[in-house]
1. Got a sec to turn the phi values of region 98-106 into Karplus ³J(HN,Hα) couplings, 6.51 cos²θ - 1.76 cosθ + 1.60 with θ = phi - 60°, whole Hz, x for Gly and Pro?
2. In whole Å and largest first, what semi-axes does the C-alpha gyration tensor of region 1-66 yield when each eigenvalue is scaled by 5 and square-rooted?
3. How are the Cα pair distances of the chain distributed, in percent, across 10 Å bins from 0?
4. Please work out the FRET efficiency for the pair F6 and S58, using the Cβ-Cβ distance as r and a Förster radius of 30 Å; give the result to the nearest 0.05.
5. How far apart, in nanometres, would the label points at K118 and H72 be if each is projected 7 angstrom from Cα along the Cα-to-Cβ direction?
6. How far is helix 24-41 tilted, in degrees, relative to the longest principal axis of the Cα atoms in the chain, given as a value from 0 to 90 rounded to the nearest 10?
7. Out of the DSSP beta bridges found with both residues in the chain, what percent are antiparallel (nearest 5)?
Amino acid sequence: MPEKVFVNEELGIIEVQSYGLVRNDDLLRSLEQIDALAKETGINKILVCTPKTEQLPSFLELDDFGGAIPPHLKVAVVVAVGQPTEHKAMFVVNVAKLKGARVESFVSRQHALAWLNK
């Protein structure tokens, strides 16, 4: 699976490592895992690292996915400038924000973690 979802106990977050070719069903499966972990652990801070992602689904599928992110989650997305999926990752962030989710993008993991811990 091109996304690994796990609890980072040291940081008190749920972390998603995304890499390679990520399909729509991968995104939806990750969102289900995140939601289940959030309910199980009480952690609502999510760090999504996308710099190793090589391909994402179509913009139409990403529009649906962006709208599916629950508002009770606080999601920080790390997007590297120039990565192959930069524009699509930013599209998801913008769609999610427009639909009421608490999502922000960052170019560094450190800035993302600082925002999550505010």
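1. Along region 98-106, the couplings run 5, 9, x, 7, 8, 9, 9, 10, 9 Hz.
2. On the way: eigenvalues 92, 35, 16 Å².
Listed largest to smallest, the semi-axes of region 1-66 are 21, 13, 9 Å.
3. Values per bin, smallest distances first: 15, 52, 31, 2.
4. Working: r = 27 Å, r/R0 = 0.92.
The value I calculate is 0.65.
5. It is 2.3 nm.
6. Approximately 10 degrees, to the nearest 10.
7. Details: 6 of 23 bridges.
If we restrict to bridges inside the chain, about 25 percent are antiparallel.
The numbers here are math on the coordinates, done by the rules we state, and not lab data. These figures come from a predicted structure and were not determined experimentally. Positions of Cβ are backbone-derived with ideal geometry, glycine not excepted, and every protein chain shown enters the neighbour counts.
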